[in-house]
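Okay, structure first, notes after.
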Amino acid sequence: MTMTKKLLTSAVASALMVGAAQAEITDNTVKIGYLADMSGTYRDLAGPNGLAALEMAIKDFGGKVNGAKIEVVSADDRNSPDAASSTVRRWVENDNVDMVAGLVASSVSIAVSKILEENDKLGIVSGSAASSITNEHCTPNHIHYVYDTYPLANGTASAVVKEGGQSWYLLTADYAFGHALEGDVTRVVEENGGEVIGKVRHPFPTQDFSSFILQAQASGADVVGLANAGADTTNAINTASEFGVTQSGQTLAALLLFLTDVHALGAETAQGIQLTTGWYWDMNDETREWSDRFMEETGVRPTMVHAGIYSSTLQYLNAVAATGSDNAQAVREQMMDTPINDMFAKNGRIREDGRMVHDMYLAEVKTPAESSSDWDLYKILRTIPADQAYRPLSESKCDLVNN
Amino acid sequence: MNQPIKSTDIHQSILDDQKSQDRRKMMINGVLLLVLLAAPLAIYPVFLMKILCFSLFAVAFNLLFGFTGLLSFGHAAFLAAGGYTTGYLLSNYSGLGTEMGIIAGTLVATGLGLAFALLSIRRQGIYFAMVTLALAQLVFFFFVQSEFTGGEDGMHGIPRGELFGLVSLEDNLNMYYFVLAVFIACYLLVQRVVGSPFGQVLKAIKQNEPRAVSLGYNVDRYKILAFVLSAALAGLAGSMKSVVFQLASLNDAHWHMSGEVILMTLVGGMGTLLGPVVGATFVVNVEYQLSQGPLRDWVDPILGAIFVLTVLAFRSGIVGEIQKFMRRNLS
């Protein structure tokens, strides 16, 4: 009798322990890997300051989650999917990394998400632009947090048309990314009653934009849309400024432009450009308060990517605390169930395809007269509601979405 | 006092010398082989495979640059052509064995190499380098524009599949020994080529091309053959790399990659067999170690400084300098 009792209790106890082991923080450590471009083109928009944002989030959370310690490792991806995938493979296979944050170049994010899916770990993409990350390349193991090209094209184009920019001239980078943007912008402009009266494709990358800008100027269009990114966009803006495009009454609409880019260009050069952003530091008291702290740490104002890294890390740690587990699926589910309300987003939510949808903003770069300081660069023209900004699930090609 | 020296003695001593040298080489190679076989026990296999793929790429490049004296600035094109071809075939035709995918990638790179060689071999020196660079840029733009490569996003999720339908390559260790076997086979092939009469002609072309012409060799034909061989091995490196990492990206086609392989070869020691392998190991390691540590903002400047230092102070690279040192002090 006692024997059977003992056996029973031990069986129950071991069953309970197995149950507990599944909802447990493995090796009593939550390990976060921060992977981003630390030395190349995308250094400013995420880079070492993104790591600072991540560490701020951990500090604000208290440095421990349910008694387990939080560790951070970081590496430079050199914008190379090879380098990124060998680093991340080692992280998840040997070093027990639970979550990978940062992730900037789209090719890097896609490569990393495949490895995370293989090993069932979680990735939170904050820096990448490609909307394919949660479309044809979606996995149950990553979340795309800050922005993607869909709202950039959708938001900027529809908002600018509504602001009165009826005729468009497009400057497109001649490769897949540019073509996709061009297609999206054309569709949105026409849907909203505008018209694309001309376009020119420039090689990728291009240094000298004068002939393209002159064509755009001669077209007489209300809006010159820049369907390109990175150095191409800043080069085009510099040239446009030299030729006085905005001063002569045309609007310059950039599709992918970061606060750090605008800061580098300066208000004098960039004034009047309209763009879409997921977040701006000078929107309200909450954002200002966080940005001041960020500036104390790093000496610069945060981009939307920095803010997104901070916010997503806090969300992640909250989910780990709530589920008491660092299991990727449990945490992701918890994150999907929890609406995001912090300084980064209001009523943001993570959809089943991994896309975090939240309000986006149409901004215009201030003139030097309006700008009171180095970083006082945007005025927010209008809010693009979350449900209009992002690609609707009904158009999704993601396998996780039941269509 | 003056003893006559018999020519047979000299001959004998040269032979002995060569024998002892051969023995030393065999020993070095044997030790290296053991190290490579045991390496995955201590070091992460994917990282080792990366080193092996880049070593093969550098060995291929060195065959052209170090032994024939032709500086190609377009080798990234072959690496990428091999990688994309293999990746495309393995992703879209699941019936195809991994080995067939790799062979197909190598063949495409070989064909591309032939086309490059026929066009570029007509010029010499810097003009040759510029022609290869221009052709490689054409190939780069083709890959940027093509839909099947995924453009900027790259090609992802290439299945590793099975070797001869028997051995699963999903397992990192199996994959490692496969890559190692291919690498050793290629290394021995290059060793054989360099030591053969054909290789002697290549060296002759490097040292004094007009002399080789005057001796009656059809120099252009030799150059083309060396170029095609080098392109084929570079393509093979790219094909294996795409299987190892399960992705192929534009980085492989970018001219930075052509520059990186020059750096690897120079740092390791051009014109030596082991040099490119040591150089590739060194560069991949430096990049990895720096990218993890506090110096990660400085990877490119540091690599640049190493490059300048090598060119200014250690012209013959790591292996070349060691060989010189041994010749001075140990023989």
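The values are calculated or read from the model by the stated rules, or taken from the named source; none is laboratory data. None of the values given here were measured: they were computed from a predicted structure. Quick reminder, even Gly has a Cβ in these numbers, built from the backbone with ideal geometry, and neighbours come from all protein chains shown.
What the table shows:
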item: Residue within segment A:280-298 that is within 24 Å of A:His137 (Cα to Cα) and touching a strand residue (DSSP E or B) at 6+ places or on another chain (Cβ under 8 Å) present; result: no
item: Sole residue being surrounded by fewer than 23 Cβ atoms within 10 Å (Cβ to Cβ) and assigned by TED's automatic domain parsing to the domain that holds A:Ala157, chosen from A:Phe243, A:Phe177; result: A:Phe243
item: Hey, B:Val228 under 25 Å from B:Phe198 (Cβ atoms), surrounded by 23 or more Cβ atoms within 10 Å (Cβ to Cβ) and touching a residue at least 24 places away in the same chain (Cβ under 8 Å) or not; result: no
item: Count of segment B:85-95 residues which are surrounded by fewer than 24 Cβ atoms within 10 Å (Cβ to Cβ) and either touching a residue at least 12 places away in the same chain (Cβ under 8 Å) or assigned to a helix (DSSP H, G or I) (or both); result: 5
item: One residue from B:Gly82, B:Gly101, B:Gly30 being part of a helix (DSSP H, G or I), in contact with a Gly (Cβ under 9 Å, 6 or more places away or on another chain), modelled with pLDDT under 95 and not aromatic (Phe, Trp, Tyr); result: B:Gly101
item: Of the criteria (1) free of Cβ contacts under 8 Å to residues at least 40 places away in the same chain; (2) more than 13 Å from every other protein chain (Cβ to nearest Cβ); (3) of a type in the set (Gly, Ala, Ser); (4) outside any strand (DSSP E or B), which one A:Gly123 fails; result: (4)
item: Cross-chain or 6+ apart pairs with Cβ under 8 Å, segment A:293-308 first and free of Cβ contacts under 8 Å to residues at least 24 places away in the same chain, then surrounded by 14 or more Cβ atoms within 10 Å (Cβ to Cβ) and of a type in the set (D, E, K, R); result: A:Met295/A:Arg301
item: B:Ile10 vs. criteria under 20 Å from the mean Cα position of the chain (by Cα) and in a helix (DSSP H, G or I); result: no
item: Residue count for segment A:300-336, restricted to those that are within 16 Å of the chain's Cα centre (by Cα), not in a helix (DSSP H, G or I) and not β-branched (Val, Ile, Thr); result: 1
item: Count - residues of segment B:166-214 that are closer than 21 Å to B:Leu33 by Cα and either of a type in the set (Asp, Glu) or in contact with a Ser or Thr (Cβ under 7 Å, 6 or more places away or on another chain) (or both); result: 2
item: Identity of the residue in segment A:99-120, of a type in the set (Val, Ile, Thr) and part of a helix (DSSP H, G or I), that ends up nearest to the other protein chains (Cβ to nearest Cβ); result: A:Ile110
item: Among residues of segment A:172-216, those that are outside any helix (DSSP H, G or I), within 14 Å of another protein chain (Cβ to nearest Cβ) and of a type outside the set (Lys, Arg), counted; result: 9
item: Sole residue being β-branched (Val, Ile, Thr) and within 13 Å of chain A (Cβ to nearest Cβ), chosen from B:Val243, B:Val182, B:Val194; result: B:Val243
item: Residues satisfying the stated conditions in segment A:50-103, i.e. of a type in the set (A, V, I, L, M), over 25 Å from A:Phe294 (Cα atoms) and under 20 Å from the mean Cα position of the chain (by Cα); result: A:Ala84, A:Val88
item: Candidates B:Ser230, B:Ser242, B:Ser258, filtered to the one that is farther than 18 Å from B:Ser72 by Cα, at pLDDT 90 or above and in a helix (DSSP H, G or I); result: B:Ser242
item: Enumeration of residues in segment A:71-98 that are β-branched (Val, Ile, Thr), closer than 24 Å to B:Leu295 by Cβ and not in a loop (DSSP other than H, G, I, E, B); result: A:Val72, A:Val73, A:Thr87, A:Val88
item: Any hit, segment A:106-119, residues being surrounded by fewer than 24 Cβ atoms within 10 Å (Cβ to Cβ) and free of Cβ contacts under 8 Å to residues at least 12 places away in the same chain; result: yes
item: Subset of segment A:97-129 [farther than 20 Å from A:Phe177 by Cβ and out of contact with any Leu (no Cβ under 9 Å at 6 or more places or on another chain)]; result: A:Val97, A:Ile115, A:Glu117, A:Glu118, A:Asn119, A:Asp120, A:Lys121
item: Residue in segment A:82-90 that is more than 8 Å from every other protein chain (Cβ to nearest Cβ), touching a residue at least 60 places away in the same chain (Cβ under 8 Å) and of a type outside the set (Ser, Thr, Tyr) present; result: no
item: Single residue of segment B:145-174 satisfying the filter (farther than 15 Å from B:Ser242 by Cβ and touching a strand residue (DSSP E or B) at 6+ places or on another chain (Cβ under 6 Å)) that is farthest from the other protein chains (Cβ to nearest Cβ); result: B:Glu162
item: Residue that is nearest to the other protein chains (Cβ to nearest Cβ) [pool: residues in segment B:278-331 that are of a type in the set (Gly, Ala, Ser) and surrounded by 12 or more Cβ atoms within 10 Å (Cβ to Cβ)]; result: B:Ser291
item: Count of residues meeting criterion [surrounded by fewer than 20 Cβ atoms within 10 Å (Cβ to Cβ) and more than 13 Å from chain B (Cβ to nearest Cβ)] in segment A:56-81; result: 11
item: Any helices (runs of 4 or more DSSP H) falling wholly within segment A:220-287 and containing at least 2 residues that are at pLDDT below 90 and among the aliphatic types (A, V, I, L, M); result: none
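Yes/no matrix, rows are residues, columns are (1) within 14 Å of chain A (Cβ to nearest Cβ); (2) closer than 15 Å to B:Gly238 by Cβ; (3) part of a loop (DSSP other than H, G, I, E, B):
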position: B:Thr106; (1), (2), (3): no, yes, no
position: B:Gly111; (1), (2), (3): no, yes, no
position: B:Leu118; (1), (2), (3): no, no, no
position: B:Tyr127; (1), (2), (3): no, no, no
position: B:Leu133; (1), (2), (3): no, no, no
position: B:Phe143; (1), (2), (3): yes, yes, no
